[in-house]
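Novice: Encoded as structure tokens, here's the structure I'll be asking about.
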């Protein structure tokens, strides 16, 4: 029987590749796993056990996916990243120090049940949910 164990990766198409790398690496502390030739247009970032793939829409790979996301439509509702080692107040303060707009934390349901999370936006306007890992 098939059983999903985790999200392996998510792919975000972008016109702002360097801004997106700066956000996911500089703000959210992902690391660059690998970058393929710029003509191909793929940068893979390590996000815990998963990857966030960034594809430049002006690259060979990006052009095969059609137009870039814009105000009229997205290719993603949101992605959720589970974070540890920080509480709500510290996370909000950190995000504000990085010039990231911060909303309200709320109780939401996710892979490990109900927990506290906050929504933010990356440079392309994709919604990123940061969910504080529950203490076990």
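The values are calculated or read from the model by the stated rules, or taken from the named source; none is laboratory data. Since the model is a prediction, treat every value here as computed from it, not as a measurement. Don't worry about glycine lacking a Cβ; one is built from the backbone with ideal geometry, like all the others, and counts go over all protein chains shown.
Novice: Go through (1) free of Cβ contacts under 8 Å to residues at least 12 places away in the same chain; (2) closer than 19 Å to residue 119 by Cβ one by one and return the number of the condition residue 92 breaks.
Specialist: (1)
Novice: Here's a check for you: in the range 21-41, which residue that is out of contact with any helix residue (DSSP H, G or I) (no Cβ under 7 Å at 6 or more places or on another chain), without any contact (Cβ under 8 Å) to a residue 60 or more places away in the chain and part of a loop (DSSP other than H, G, I, E, B) is farthest from residue 94 (Cα to Cα)?
Specialist: That would be 37.
Novice: Continuing with this model, one more query. Name, by its number, the condition in (1) out of contact with any helix residue (DSSP H, G or I) (no Cβ under 8 Å at 6 or more places or on another chain); (2) surrounded by 13 or more Cβ atoms within 10 Å (Cβ to Cβ); (3) in contact (Cβ under 8 Å) with a residue 24 or more places away in the chain; (4) closer than 19 Å to residue 7 by Cα that does not hold for residue 49.
Specialist: (2)
Novice: All but one of (1) surrounded by 19 or more Cβ atoms within 10 Å (Cβ to Cβ); (2) closer than 21 Å to residue 121 by Cα; (3) modelled with pLDDT under 90 hold for residue 41; state the number of the condition that does not hold.
Specialist: Every condition holds for residue 41 apart from (2).
Novice: For the subset of the range 104-130 comprising residues that are modelled with pLDDT under 90 and more than 21 Å from residue 18 (Cα to Cα), which member is surrounded by the most Cβ atoms within 10 Å (Cβ to Cβ)?
Specialist: Only one residue fits best here, namely 115.
Novice: Can you name the residue in the range 85-103 that is closer than 18 Å to residue 29 by Cβ and touching a strand residue (DSSP E or B) at 6+ places or on another chain (Cβ under 9 Å) and, of all such residues, is surrounded by the most Cβ atoms within 10 Å (Cβ to Cβ)?
Specialist: So the residue we want is 91.
Novice: For the range 17-38, which positions are touching a strand residue (DSSP E or B) at 6+ places or on another chain (Cβ under 6 Å) and loosely packed, with under 13 Cβ neighbours inside 10 Å?
Specialist: Within the range 17-38, 31, 34 qualify.
Novice: Looking at residue 15 and the list (1) touching a residue at least 12 places away in the same chain (Cβ under 8 Å); (2) within 21 Å of residue 131 (Cα to Cα), which single condition is not satisfied?
Specialist: Here residue 15 clears every test but (2).
Novice: Now, a different point. Taking residue 81 and the conditions (1) surrounded by 11 or more Cβ atoms within 10 Å (Cβ to Cβ); (2) part of a loop (DSSP other than H, G, I, E, B), which numbered condition does it fall short on, given that it satisfies the others?
Specialist: (2)
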